[in-house]
Every structure is written in structure tokens, then in C-alpha cells.
Amino acid sequence: MPLPGGTADLEPLREVIARHGLDARKALGQHFLLDPGITTRIAALAGDLAGRHVVEVGPGPGGLTRALLDSPAETVTAVEIDPRAVAVIGELAALFPQRLRLVEADATRQDLAALCPAPRQVVANLPYNVGTPLLVGWLRQAAQWERLTLMFQMEVAERICAAPDTPHYGRLAVLAQWTSVCALVMRIPPGAFSPPPKVYSAVVSLTPHATQPDPALFRAMEQVTAAAFGQRRKMLRGALRPLGGETLLAAAGISGERRAETLDIAEFDRLAHCHLARIGGRADG
């Protein structure tokens, strides 16, 4: 239920879009979500936001932003690069000066955890063209986040949550599930967006584990997974040859005849630790 003094009486989103000429742009990966029923559900999927500081990336016309303002979230920080959307969110921030902060910036170049105090979460309908690199960046600093509630194209959501030895299992699944508990919690049809994308979308919830790898170990895992999945059809002894091949695999107790998609998260964890040990505790680059 919206909080007193919420957004229920604000100008309809379609009128805001028309007034600002905020047509969704393919170059920015924009597909606007205007249905308040859906945006309210997404905000609810983030759990009890009381006392939480929420970062939203790519708010566009502010549909999800309004839902977050109607939640008990302590503050909402909206990060937007499109000047037209900046004007829209700026108007909204003027109405909620104590709770909504607008940051005009490229989220891929911004340390979002530095924008607000803990406990902090990200809740966002991510632009299609930057969703994956943004997620990997947040996984590198997963200890800084209480939860990530993120919308992606369905294919990306499936890649995040995929189990070993399934078609979607790959580097993204390993990095996400190594650092977090991941769940696909909502599917959204194309018709819910303006303009409708060609594919379904899905919301993924990622709750970081209490213990996180240090930066050097994370870089080691990135190197291992990049090599292992970079040549999926190769046996691991060939795919991992640049990182030590059979020597690395023997140290981790893994057969070189296996392929990357058959390894579970614990086995990749052993590989990352062994790789880091072999290179003297550093994984620069």
C-alpha cells in the first residue's frame, strides 16, 4: 500500500513522457515500464525496504522510482545518463527532496555503493545494453550490497540462474552464484513495456553471501571462467592451458577431460584458489 504523501496523485507517466519528448531510444537500451501494478510488485520483491537506501539505475520516466518512493525505503538514489530523463526525475526529486536524490552519470563508470550508506540495495529495470557489465561490477563489490533486485532480458536472467550442465550455464552463472543466492522471481511479457521489446524480461533477486572473496580471488575467478568458457567445446586441459592446464587442474583435483559446463560452483572455487596460489597470490590484469 502506498505511503501517505506518496505518488498516487502525480501526473500520469504517459503524459510526463509526452511533455518531455521522452521516446525510448534503442541506443540507450530503453524500454519503459509504465504499469504501476508491475512496478509495485518489483519494489515488493526487494523485501522490506524500511531503513534501506536504494539505488536505481536508468529510471527513465520514473515508473519504478514512484513505486520505490511509495515503499518504506529511507532514500532512493536515481542514476540516469539520458538528459531527457534527468529532467523528468529532477521534477520528481523536487517533490521528494528528503528521499529522492538524482545523480546524472554513466552508471557503468560510477561507484554506486559510494552514493549512499548501508544498508543499501539496487532495485532497477536495467537498460538492456549495459545490464551484464553492471551486474558483474556489483558482484565484484557484493559485500557492499544487501540485495540486488534487477530486471534483465529473459535470456540474461536465465544465464544468471542456470544450473551446471544446462544450456545457459556459463561464466555469468558462476560469478553470480559464487557470490550470491540467485533466484528468477518474476517474468514480464513484452507488452508490459513501451515500446515492447522483442523478448520477455525477468526479475532476478541476488542476495550476497555473508562471506565474499577478496578482490584478488575475484579476479582469479574471472580469469578462470573467461578461459574455461571462452572455448566451451574444448576439454578443460586445452581451454585452461594459458593458466596452467593440467597442472592447475591436478591441483584442484579436476579431470582435464571434462568441459567447463559440467563443473559446479565449488569446483570453480577450487580452480580459482589454485590459480591464485600458482601466480603468487595476485591476479592482476
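The values are calculated or read from the model by the stated rules, or taken from the named source; none is laboratory data. Because the structure is predicted, anything quoted here is derived from the model rather than measured. Cβ atoms come from the backbone with ideal geometry, glycine included; neighbour counts cover every protein chain shown. Calculation scope for accessible area: heavy atoms of the full protein, side chains included, ligands and nucleic acids excluded. Shrake-Rupley method; radii C 1.70, N 1.55, O 1.52, S 1.80 Å.
Restricting attention to segment 67-101, the residues being among the charged types (D, E, K, R) and touching a Gly at 6+ places or on another chain (Cβ under 8 Å) number 5. In segment 207-223, the condition of being free of Cβ contacts under 8 Å to residues at least 40 places away in the same chain, polar (S, T, N, Q), open to solvent by 30 Å² or more (accessible area, probe 1.4 Å) and within 19 Å of Phe268 (Cα to Cα) is met by at least one residue. Within the set Thr179, Thr166, the sole residue that is open to solvent by less than 30 Å² (accessible area, probe 1.4 Å) and of a type outside the set (Asp, Glu) turns out to be Thr179.
Restricting attention to segment 67-84 and to residues that are closer than 21 Å to Asp106 by Cβ and in a loop (DSSP other than H, G, I, E, B), the residue that is most open to solvent (accessible area, probe 1.4 Å) turns out to be Ile81. Exactly one residue among Pro117, Pro127, Pro97 is more than 30 Å from Arg258 (Cα to Cα), assigned to a loop (DSSP other than H, G, I, E, B), open to solvent by 60 Å² or more (accessible area, probe 1.4 Å) and in contact (Cβ under 8 Å) with a residue 12 or more places away in the chain, and that residue is Pro117. Looking at Arg66, Arg140, just one residue is farther than 18 Å from Phe32 by Cβ, basic (Lys, Arg) and at pLDDT 95 or above, and that residue is Arg140. Scanning segment 85-110 for residues that are within 21 Å of the chain's Cα centre (by Cα) and among the β-branched types (Val, Ile, Thr) yields Val103, Thr108. Just one residue in the set Glu56, Glu91 is surrounded by 23 or more Cβ atoms within 10 Å (Cβ to Cβ), at pLDDT 95 or above, in the same structural domain as Pro117 (by the TED database) and of a type in the set (D, E, K, R); that residue is Glu56.
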